[in-house]
Amino acid sequence: MNNKTERELAQSNIAENRKAFHDYHLLETFEAGIALLGTEVKAIRESRVNLRDSFARLENGEVFLFNVNISPYSHRGYAEHEPLRRRKLLLHRHEIRKLIGKTVEKGMTLVPTRLYFKNGRVKVAISLAKGKKEYDKRETVKRREADRETRAAIKSRR
């Protein structure tokens with residue numbers, strides 16, 4: 001039985017970047033706010049957002065989100081936003097310093113993994129990630145299939 005309040009239901013995922021889980025080893029996750037326009041927030045409430053191929057980058061001590069596609073709001077009128085514009089992420093200064101230290105390392109990048117509402121505000125979970133090699137991806141698929149087969153074998157014995 002679902003005993004969640006309206007506010008808890010509103011905190012569910014808006015968008016998820018499943019491709020990031022496949023292409024990267026996710027090491028550490030941070031929660032960040034995003035500086036958005038009003039029409040962008042309304043479009044996000046309509047689930048008109050896509051995180052595929054998006055990434056975050058540090059520029060001049062600030063963190064920006066690139067390639068997040070927020071489609072135009074359906075009832076926009078004259079107010080319109082650019083769907084692929086870069087958006088500033090709102091993080092604490094100590095978190096940004098930590099990210100600067102970590103992203104200097106070779107092969108480290110910032111990837112948004114999910115977009116969600118928290119207390120009526122849009123939040124994004126960005127993860128510190130290291131790119132997977134092709135053999136890592138194959139190994140992950142093999143492990144997943146093996147787990148699935150063992151679960152099926154256990155279930156058939158019952």
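The values are calculated or read from the model by the stated rules, or taken from the named source; none is laboratory data. No experiment lies behind these values; they were computed from the predicted model shown. Virtual Cβ from ideal backbone geometry, glycine too; neighbours counted across all protein chains shown. Accessible surface is based on the protein model in full, side chains and every heavy atom, while ligands, DNA and RNA are left aside. Shrake-Rupley method; radii C 1.70, N 1.55, O 1.52, S 1.80 Å.
Taking F66, is it under 17 Å from the mean Cα position of the chain (by Cα), closer than 30 Å to V141 by Cα, open to solvent by 20 Å² or more (accessible area, probe 1.4 Å) and modelled with pLDDT of 85 or more?
yes
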Of the conditions (1) open to solvent by 80 Å² or more (accessible area, probe 1.4 Å); (2) of a type outside the set (S, T, N, Q); (3) touching an Asp or Glu at 6+ places or on another chain (Cβ under 8 Å), the single one that L51 does not satisfy is (1)
Report, ordered by the first and then the second residue, all pairs with beta carbons closer than 9 Å, sequence separation of six or more or different chains, a first member in segment 73-86 that is under 21 Å from R57 (Cα atoms) and modelled with pLDDT of 75 or more, and a second member that is open to solvent by 70 Å² or more (accessible area, probe 1.4 Å) and not in a loop (DSSP other than H, G, I, E, B).
-> R86/R57
Which of the residues that make up segment 119-158 are outside any helix (DSSP H, G or I), at pLDDT 85 or above and of a type in the set (K, R)?
-> K123
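Conditions tested, residue by residue: (1) free of Cβ contacts under 8 Å to residues at least 60 places away in the same chain; (2) of a type in the set (A, V, I, L, M); (3) open to solvent by less than 40 Å² (accessible area, probe 1.4 Å).
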site	(1), (2), (3)
R97	yes, no, no
E105	yes, no, no
P112	no, no, yes
G120	no, no, no
K123	no, no, no
G131	no, no, yes
R144	yes, no, no
